[in-house]
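Before anything else, here's the structure in question.
The values are calculated or read from the model by the stated rules, or taken from the named source; none is laboratory data. Since we're looking at a predicted model, the values are computed, not measured. Here the Cβ positions follow ideal geometry from the backbone for every residue, glycine too, while neighbour counts run over all protein chains shown.
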């Protein structure tokens with residue numbers, strides 16, 4: 001018996017990178033998948049095929065989950081197909097890297113919509129359904145170590161992810177009585193298509209060697225953590241921020257060997 005057999009999981013931002021890594025790991029443990037990505041996504045169909053190849057049912061949904069309307073569309077499509085959503089993994093976010101003094105107000109607002117407000121909308125819909133159906137469930141948000149580590153040129157992203165961490169803990173407290181686990185995963189530096197828009201192969205390989213684990217994180221590293229939090233193994237885990245970063249947040253704490261003559 002696989003750990004998630006008979007469960008249905010919705011993955012928003014699921015067509016590539018961390019989202020697809022989460023979808024495939026959950027599917028490997030038997031969960032049927034509602035794979036959601038932006039309208040016009042070029043990767044969604046291929047991502048859904050990858051999930052189906054693991055022997056589970058997969059519904060591909062195009063929806064703008066940065067908005068309430070888009071979240072309602074995705075939720076309704078998933079409920080029509082499966083009748084219940086047991087697990088939510090909320091991934092979508094994007095970053096615009098620019099100095100604080102030059103940051104555009106529209107970009108700041110857009111990042112808040114993607115990483116924070118959209119997370120509120122979709123999780124509220126799923127939580128209400130779980131409460132109405134009197135079912136336990138799992139809500140998992142993908143945050144970032146940058147929620148707690150100041151990083152230049154990431155003012156909006158860091159603010160949104162810090163807000164996400166705080167929102168998660170408040171949600172967890174309010175959902176105790178309904179036995180709905182709410183947690184956050186904080187990825188470190190993960191090798192995703194989004195990162196490769198900023199760095200070439202040589203830079204990614206070189207920077208990975210500098211990290212405590214000697215490599216960049218992979219989407220499946222985050223997917224395995226999400227699978228744990230989505231399973232009964234994590235029944236006693238809620239309101240928790242789980243870094244999955246290969247030691248990224250502690251990289252400057254290492255002892256520096258003294259130079260020898």
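Considering only segment 125-148, how many residues are outside any helix (DSSP H, G or I) and under 18 Å from the mean Cα position of the chain (by Cα)?
Residues in segment 125-148 being outside any helix (DSSP H, G or I) and under 18 Å from the mean Cα position of the chain (by Cα): 9 in total.
Limited to segment 216-239, what total is found for residues that are buried (at least 16 other Cβ atoms within 10 Å of the Cβ) and either free of Cβ contacts under 8 Å to residues at least 60 places away in the same chain or on the phi > 0 side of the Ramachandran plot (or both)?
Summing the residues that are buried (at least 16 other Cβ atoms within 10 Å of the Cβ) and either free of Cβ contacts under 8 Å to residues at least 60 places away in the same chain or on the phi > 0 side of the Ramachandran plot (or both) in segment 216-239 gives 5.
Hey, could you check segment 170-219 for residues that are closer than 20 Å to residue 23 by Cβ and part of a helix (DSSP H, G or I) and say which is farthest from the chain's Cα centre (by Cα)?
By that ranking, first place goes to 196.
A follow-up question, please. If residue 222 meets every condition in (1) over 18 Å from residue 139 (Cβ atoms); (2) part of a helix (DSSP H, G or I); (3) in contact with a helix residue (DSSP H, G or I) (Cβ under 6 Å, 6 or more places away or on another chain) apart from one, which number is that one?
(1)
Of the numbered conditions (1) surrounded by fewer than 18 Cβ atoms within 10 Å (Cβ to Cβ); (2) under 25 Å from residue 246 (Cβ atoms); (3) modelled with pLDDT of 95 or more, residue 158 satisfies every one except a single condition; which is it?
All conditions pass for residue 158, except number (1).
Tell me which residues, restricted to segment 118-133, are out of contact with any helix residue (DSSP H, G or I) (no Cβ under 6 Å at 6 or more places or on another chain), touching a residue at least 40 places away in the same chain (Cβ under 8 Å) and surrounded by fewer than 21 Cβ atoms within 10 Å (Cβ to Cβ).
120, 127, 129, 133
Run down 191, 201 and say which single residue is modelled with pLDDT under 95 and within 27 Å of residue 3 (Cβ to Cβ).
Just a single option satisfies the conditions, and that option is 191.
Go through (1) in contact with a helix residue (DSSP H, G or I) (Cβ under 8 Å, 6 or more places away or on another chain); (2) closer than 26 Å to residue 8 by Cβ one by one and return the number of the condition residue 168 breaks.
So residue 168 meets the others, but not (1).
Report those helices (runs of 4 or more DSSP H) wholly inside segment 1-100 carrying at least 3 residues which are surrounded by fewer than 21 Cβ atoms within 10 Å (Cβ to Cβ).
Those helices (runs of 4 or more DSSP H) span 44-52, 68-82.
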